[in-house]
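Visitor: My structure is below; once you've seen it, I'll send some questions.
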Amino acid sequence: MPEAHLHRREALREHLRERELDALLVTNLLNVRYLTGFTGSNAALLVHAADRQGDEQRTAFGTDGRYRTQSAAQVPELERVIERPSAEALVAWAAKRPEEYRRVGFESQHVTVDGLDSLTEAAQEVELQRAPGMVEAQRQIKDDAEIEALRMACAAADRALVDLLEHGSIRAGRTEREIARELENRMLDYGAAGPSFETIVAAGANSAVPHHRPTDTVLAKGDFVKLDFGALVDGYHSDMTRTLVIGEPAEWQREIYEVVRTAQATGRAAAVPGAEVISVDNAAREVITQAGYGERFPHGLGHGVGLEIHEAPMLASTGVGTLTPGMAVTVEPGIYLAGRGGVRIEDTLVVRDDAPEILTLSSKELTVA
């Protein structure tokens, strides 16, 4: 992915020039990883607006002595400042070149009050400017390398679920914790570095709790079983939810499942370039409201997914902005009947010009385990 990092830094420089900033100090570790590929626990990056691909003499990477060897391997193309604290060291490095670093933006949403004091002290004649959210805005639109990582993460999760179903692992008598543990282990078998988040397995009445944590609850005949899980591959997260039933489903289970399935398909179809995020949420929500379950759908329709499991854009009634090709989002409507059970169906998809590319491919038919 090294070539992708070069392109990402170049795209960031265009935004810096638009903001009339000489450079941006990047201190959020995920943003540093996005721009360089570095995976250590301490780093900062100073991206200069006037540099160009192949000529980045004024762009510098900072970390501490623990990562001297790792940073040389992962970020060999940039000037390295090996000193702790890294952000202050980079600002001090820039302060020695006042003719090139007059106005330096910094990620103010990630800097504490005390941290700003330290940066200001190191800056000397350099003018620090608040520049929140610049890299996060760029990260909303995934490049080919990111989408391939998401595909791999989704495939690992898909294959793990298929294995569980084929081996009869989701059955009466097993506990939520046992199934969650097996699901996570199978994702590891298929190339995941780990789960995207704590796996949700919710049986019976627990399935009506949107973010239930697995317990020793035993699955029983007639239970809904909601599984919300994902795999982590190359730092990128997948996210999917499927709801099954143990034994023959009751009529009320078939009813709410079909409503959610229709709402989910409607939401997917609405996720097109130029669509307001609030309108995508509304499209799916209207299906559930018309069926009489509007108050039983208490959360937003979905969210962006990438280096973070929850990132912009947010598909919700409070969301802002429009969808753009290359955005990766989830679509996950649900109905939750307290004390009885609930259904959520979720896919990760990529917004495309023609139709969304669905990355989570497991069946959304009501599966009887």
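The values are calculated or read from the model by the stated rules, or taken from the named source; none is laboratory data. This structure is a prediction, so every number in the text was calculated from the model and none was measured. All Cβ positions, glycine included, derive from the backbone under ideal geometry; neighbour counts span all protein chains shown.
Visitor: Considering Val209, Val201, which residue is closer than 22 Å to Ala338 by Cβ, in contact with a helix residue (DSSP H, G or I) (Cβ under 6 Å, 6 or more places away or on another chain) and either modelled with pLDDT under 95 or of a type in the set (A, V, I, L, M, F, W, C) (or both)? Please lay out each step first, then the result.
Guide: Details: Val209 fails: in contact with a helix residue (DSSP H, G or I) (Cβ under 6 Å, 6 or more places away or on another chain).
Result: Val201 is the single residue among Val209, Val201 that is closer than 22 Å to Ala338 by Cβ, in contact with a helix residue (DSSP H, G or I) (Cβ under 6 Å, 6 or more places away or on another chain) and either modelled with pLDDT under 95 or of a type in the set (A, V, I, L, M, F, W, C) (or both).
Visitor: So which residues in region 242-274 are within 20 Å of the chain's Cα centre (by Cα) and either part of a helix (DSSP H, G or I) or surrounded by fewer than 21 Cβ atoms within 10 Å (Cβ to Cβ) (or both)? Explain how you work it out, then say what you get.
Guide: Applying the first criterion (within 20 Å of the chain's Cα centre (by Cα)) to region 242-274 yields 242, 264, 267-268, 271-273.
Those that are within 20 Å of the chain's Cα centre (by Cα) and either part of a helix (DSSP H, G or I) or surrounded by fewer than 21 Cβ atoms within 10 Å (Cβ to Cβ) (or both): Gln264, Gly267, Arg268, Val272, Pro273.
Visitor: I'd like the residue in region 71-90 that is in a strand (DSSP E or B) and aliphatic (A, V, I, L, M) and, out of all such residues, is farthest from Glu18 (Cα to Cα).
Guide: Top of the filtered list is Ile82.
Visitor: Still on this structure: Quick check on my filter: what residues within region 291-313 are free of Cβ contacts under 8 Å to residues at least 40 places away in the same chain and more than 11 Å from the chain's Cα centre (by Cα)? Explain how you work it out, then say what you get.
Guide: Start the filter on region 291-313 by keeping residues that are free of Cβ contacts under 8 Å to residues at least 40 places away in the same chain, which leaves 291-292, 294-295, 297, 300-301, 303, 310.
Residues satisfying the conditions are Ala291, Gly292, Gly294, Glu295, Phe297, Gly300, Leu301.
Visitor: Where in region 91-174 are there helices (runs of 4 or more DSSP H), lying wholly inside it, with at least 3 residues that are closer than 19 Å to Leu349 by Cα? It would help to see each step written out before you state the result.
Guide: On the way: elements: 113-123, 134-139, 144-166.
The qualifying helices (runs of 4 or more DSSP H) are 134-139, 144-166.
Visitor: List every residue pair whose Cβ atoms lie under 7 Å apart, where the two residues are 6 or more positions apart in sequence or sit on different chains, the first residue falls within region 216-245 and is assigned by TED's automatic domain parsing to the domain that holds Leu164 and within 23 Å of Arg139 (Cβ to Cβ), and the second residue, located anywhere, is outside any strand (DSSP E or B) and aromatic (Phe, Trp, Tyr).
Guide: Final answer for the pair search is Gly230/Phe197.
Visitor: Those residues that are surrounded by 16 or more Cβ atoms within 10 Å (Cβ to Cβ) and under 21 Å from the mean Cα position of the chain (by Cα), I need them from region 5-27; list them, please.
Guide: His5, Arg8, Arg9, Leu12, Val26, Thr27, listed by residue number.
Visitor: Let me ask you something else. Considering only residues that are among the aliphatic types (A, V, I, L, M) and without any contact (Cβ under 8 Å) to a residue 12 or more places away in the chain, look in region 64-103 and name the one that is nearest to Asp117 (Cα to Cα). Don't jump to the end; show me each part of the working.
Guide: Looking only at region 64-103, we keep the residues that are among the aliphatic types (A, V, I, L, M), and these are 72-73, 75, 78, 81-82, 87, 89-92, 94-95.
Now restrict to residues that are without any contact (Cβ under 8 Å) to a residue 12 or more places away in the chain: 72-73.
Details: Ala72: 30, Ala73: 32 Å.
Checked region 64-103; the qualifying residue nearest to Asp117 (Cα to Cα) is Ala72.
Visitor: Tell me, which strands (runs of 3 or more DSSP E) lie completely within region 1-63 with 3 or more residues that are farther than 20 Å from Ala137 by Cβ and either of a type in the set (S, T, N, Q) or in contact (Cβ under 8 Å) with a residue 24 or more places away in the chain (or both)? Spell out the reasoning first.
Guide: Numbers: elements: 23-26, 44-48, 60-63.
The strands (runs of 3 or more DSSP E) meeting that bar are 60-63.
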